[in-house]
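To start, the structure itself, in structure tokens.
Each reported figure results from applying straightforward, stated rules to the coordinates on display, with no laboratory input. What you see is a predicted model; the values in this text were computed from it and never measured. Ideal geometry is used to build each Cβ from the backbone, glycine not excepted, and the neighbour counts take in all protein chains shown.
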Amino acid sequence: MSSFTYAQYDNIDTVDDWTLEDVEEETPKPQHKEYKNSLYFQYSPSRYYTDDVKQKFNEFSIGYARYIQVMENKPYFVEVGANVKYSHAKENGINFDLLTFRIPINVVYKLYLSKTKDIALAPYAGTYVRAIAAGKEENWKSFQIGWQTGLRFYINKVYTGISYARDFPDKTKNPQVRECSVHIGYCF
């Protein structure tokens, strides 16, 4: 016994329903997450200049930064944050201790070094407002504005970096601070 099996399609107008098309399947690209917050620790050997004296301070600070992406398709960011800095110097047997608050505002650009965007270099530059909260000398001004620049190296959520900061020159403001720093941070 044998039988033939076949199908007949009567509606000629809808022949396109039977057409096979090449469909390209898009492989999903790894999704990189831009972290919006970071905590960091910073060490800065700094110099405080006054009219007649130059003092060297060792400074340690902890801070927080918030990243705001300026353009959706470009890795430009504005970084706003705050940090607390403890500074110590010893000169002629006298200890100097300072507590300083700083509000930095930076413009950051990330150069991605991997396809997954987990490794990046990020140069940045910006300004800050500094306020000496405790330990200042009598002739020292509490508030000062300055500029800073630096470079960070990101691996996933962790980064390390170097920076240079300096108060804007103003002969009426003492002290004038210049600092080089190294820092390490964690993004979340």
**Fill in**
Residue separation between residue 114 and residue 86 times 0.36 nm, minus their alpha-carbon distance, gives in nm 6.4 nm
**Asked** With the contact rule set at Cα under 8 Å and sequence spacing of 6 or more, what percent relative contact order holds for the range 34-187?
**Response** 22 percent
**Complete:** So the FRET efficiency between residue 33 and residue 145, C-beta based with R0 = 45 Å and rounded to 0.05, is 0.85
**Request:** Show the residues, 5+ positions off or on another chain, whose built amide H is closer than 5 Å to the amide H of residue 174.
**Result:** 141
**Message:** So for the range 39-119, averaging the separation of alpha carbon pairs under 8 Å that are six or more residues apart and normalising by length, what relative contact order in percent results?
**Reply:** 23 percent
**Fill in**
Residue-ordered couplings for the range 166-182, obtained by feeding phi - 60° into the Karplus form 6.51 cos²θ - 1.76 cosθ + 1.60 and rounding to whole Hz (Gly and Pro as x), are 8, 5, 5, x, 7, 5, 7, 9, 10, x, 9, 9, 10, 9, 10, 8, 10
